[in-house]
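Quick notes on the structure that follows.
Computed from the coordinates by the stated procedures, all read-outs in this text should not be read as laboratory data. Bear in mind the structure is a predicted one, so any value in this text is a computation, not a measurement. Positions of Cβ are generated from backbone atoms using ideal geometry, with glycine treated the same way; all protein chains shown enter the neighbour counts.
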Amino acid sequence: MTPSVLLSLVGLLLLSLVSSQTINYPVEDLTNRNADFAAQLYRLASSRTDDNVFLSAFTLSTALSALLSTANGPTQEQLLQGLSLTGLDPQTLPDLFQALRSAVLQGSIVMNLRQGVAILPSSSFSVSSTYLDLVQTKFGGNVQSLAYTSPQEATDTINRWAQDQTGDRVQELVTNLDHQTQLLLATTAFYQTRFSPSFNSSFTQDERFYVDRYHIVMVPMMFRADKYFLAYDRSLKVGVLKLPMADGTAMLVLLPDEDVDISTIEEEVTGEKIRAWIRQLKKTKLEVQLPRFLLERSYSLRDILQTLNITQVFQDDADIINMGGAKGPKLTQVYHKSVVSVDESSDDITAGGGANIFSTLPPRLTINRPFIFIIYQQTTGSVLFMGRVIDPTKK
């Protein structure tokens, strides 16, 4: 049996296991590794700003893994390490990612999630048809050669692509491009929350949100009384609330105690910690108040990736095959922009019937100070997005 036939059989086996709702160990292992990478990326991004943060971790790991599949030598080894994929066979990684994507993007989540991944080499480099097909079929991405010698034309092309991928919800993914650019990665995503049970807009009213001890803003605060899953991490002094959504995903809201700085929680966020919080959740009657917010965040991630020791791919001797040979192209930049809309939206025509009435008044959890949120797919546990809300009145 040839290696190509063997890999095809492995891919078919993984896909059949996923389609039957059985997440096998290799896919589960990749899911956990992606969560580890997402947590590392979030910690680095949040440590560089005091503002709101929002990242589509899944699109970023997809794009970088697609690039890893065309890398060799130290370039490949660094990507494996930086993506928390050390020990995995790069030959089987595309099939694993295809299986994971099939599990994550199944069902109604596709209606609420719009995303795109693009590998964008300079037109001066050749790209093999094999790699074009691999990126499209295994990673759900696109490869397109651009004439960076005409920076404005290349900029317009990338921005139109981002608009098309997100239904016009992401604008201006890139602004200024260098005419000497050799290779770019572009990732973008838009997500619309549809909570289940949904919040009823008739109960939404303006409430105080304490940005810090000296700064208070008024925000539309959504409300619902229901049975929710809740946990409390005593070691970190942070509450964990699970808000399920109609598409099979869920949002974890991490609310530090009033005397705890959010940065101390962020320093402890890891893939294992996220999984532990999910395991500890217990159902309880609760009144929940959550601010309505819209986040739109852009990032150039070269510096952050180099902090993760992904450096060789940015050097002149980057070992990228199928695109111009072993001496290039080098990766110039990784652009990322994602948008999330958190509101009372619902696909359920019966939703909005009001809050549940309990015989005794349940405790109220009001998310009225800076918090972290994680959106994950419940079947696989895949982390799709991570963010931080410091001021919900700002994008």
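Here the contact order of region 223-263, divided by its residue count and restricted to Cα pairs under 8 Å and six or more residues apart, works out to 29 percent. State whether region 239-318 is rounded, prolate or oblate according to the following rule on the C-alpha gyration tensor (a ≥ b ≥ c being the square roots of its eigenvalues): a/c under 1.5 gives rounded; otherwise a/b larger than b/c gives prolate, and the remaining case gives oblate. Prolate.
Using the Cβ atoms and a cut-off under 14 Å, what net charge is assigned to the surroundings of Arg33, where Lys and Arg are +1 and Asp and Glu are -1? Here the count lands on -4.
Quick one: grab the alpha carbon gyration tensor of region 70-153, order the square roots of its eigenvalues as a ≥ b ≥ c, and give me rounded if a/c is under 1.5, else prolate or oblate depending on whether a/b is larger than b/c. Walk me through the intermediate numbers first.
Details: a/c = 2.04, a/b = 1.16, b/c = 1.76.
Here region 70-153 falls in the oblate category.
Just how large is the dipole of the chain about the Cα centre, in debye to the nearest 20, putting +1 at every Lys and Arg Cβ and -1 at every Asp and Glu Cβ? The partial results should precede the final answer.
On the way: 33 positive and 40 negative charges, 168 e Å.
Here the chain has a charge dipole of around 800 debye.
For the chain, modelled as a GNM whose springs connect Cα atoms under 10 angstrom apart, the maximal fluctuation among Lys242, Lys337, Lys282 occurs at Lys282. Hey, quick one: spin label on Thr307, modelled 7 Å out along Cα-Cβ, who in region 38-75 has an amide N within reach, i.e. under 15 Å? Of the residues in region 38-75, 38-55 have backbone N under 15 Å from the label point off Thr307. Label separation (Asn24 vs Gln136): 2.7 nm, computed from points 7 Å beyond Cα along the C-beta direction. How many nm separate the modelled label positions at Lys227 and Asn176, each set 7 Å beyond the Cα in the direction of the Cβ? Going from the Lys227 label point to the Asn176 one covers 5.7 nm. If R0 is 25 Å, the Cβ-Cβ spacing of Gln205 and Asp261 corresponds to a FRET efficiency of close to 0.30. Protection proxy ranking of 169-177, 208-216, 384-392, by the mean of other Cβ atoms within 10 Å over each peptide's residues and highest first, is 384-392, 169-177, 208-216.
Can you compute the label reach from Gln280? Point 7 Å from Cα along the Cβ direction, backbone N cut-off under 15 Å, restricted to region 228-251. Inside the label zone: 229-242.
With the contact rule set at Cα under 8 Å and sequence spacing of 6 or more, what percent relative contact order holds for the chain? Before the final figure, lay out each step's value.
Details: 833 pairs, mean separation 97.7, N = 395.
Dividing the mean separation by the residue count of the chain yields 25 percent.
For Thr157, project a label point 7 Å along Cα to C-beta. Then give me every residue of region 121-138 with its amide nitrogen under 14 Å of that point. The answer is 121-127, whose backbone nitrogens lie closer than 14 Å to the label point. Mean residue ellipticity at 222 nm, helices only, the chain: -10000 deg cm²/dmol; runs of at least 4 DSSP H residues each add -39,500 (n - 2.57), and the sum is divided by the number of residues. Other residues whose C-beta falls under 11 angstrom from the C-beta of Asn52 contribute a net charge of 0, scoring Lys and Arg +1 and Asp and Glu -1. Cα axis of helix 271-280 to longest principal axis of the chain: angle in degrees, 0 to 90, nearest 10? It is inclined by approximately 30 degrees.
Here Lys283 is the anchor, and the lysines within straight C-alpha reach of less than 30 Å, apart from those fewer than 8 places off in the same chain, are Lys227, Lys237, Lys242, Lys273.
Quarter the surface of the alpha carbon convex hull of region 19-143 and you get the mean projected area, 9.4 square nanometres.
Per the Debye calculation on region 165-284 with a single equal scatterer at every Cα and no solvent contribution, log₁₀ I(q)/I(0) for q = 0.17, 0.22 Å⁻¹ amounts to -1.14, -1.31.
Would you tally the net charge around Gly87, using a Cβ to Cβ cut-off of less than 10 Å, leaving Gly87 out, and scoring K and R as +1, D and E as -1?
On the way: positive: Arg33; negative: Asp29, Asp89.
Summing Lys/Arg as +1 and Asp/Glu as -1 gives -1.
Straight-line cross-link reach from Lys395 at under 22 Å between alpha-carbon atoms covers these lysines, not counting any fewer than eight positions away in the same chain: Lys337.
Excluding same-chain neighbours fewer than eight residues apart, the aspartates and glutamates reachable from Lys285 by a Cα-Cα span under 12 Å are Asp226.
By the gyration tensor of its Cα atoms, with a ≥ b ≥ c the square roots of the eigenvalues, what is the shape of the chain: rounded for a/c under 1.5, prolate for a/b over b/c, or oblate? Present the calculation step by step, with values, prior to reporting the outcome.
Details: a/c = 1.94, a/b = 1.61, b/c = 1.20.
Taking the square roots of the gyration eigenvalues as a ≥ b ≥ c, the chain is prolate.
The three principal axes of the Cα atoms in region 101-246 give end-to-end lengths of 58, 40, 37 Å, sorted in falling order.
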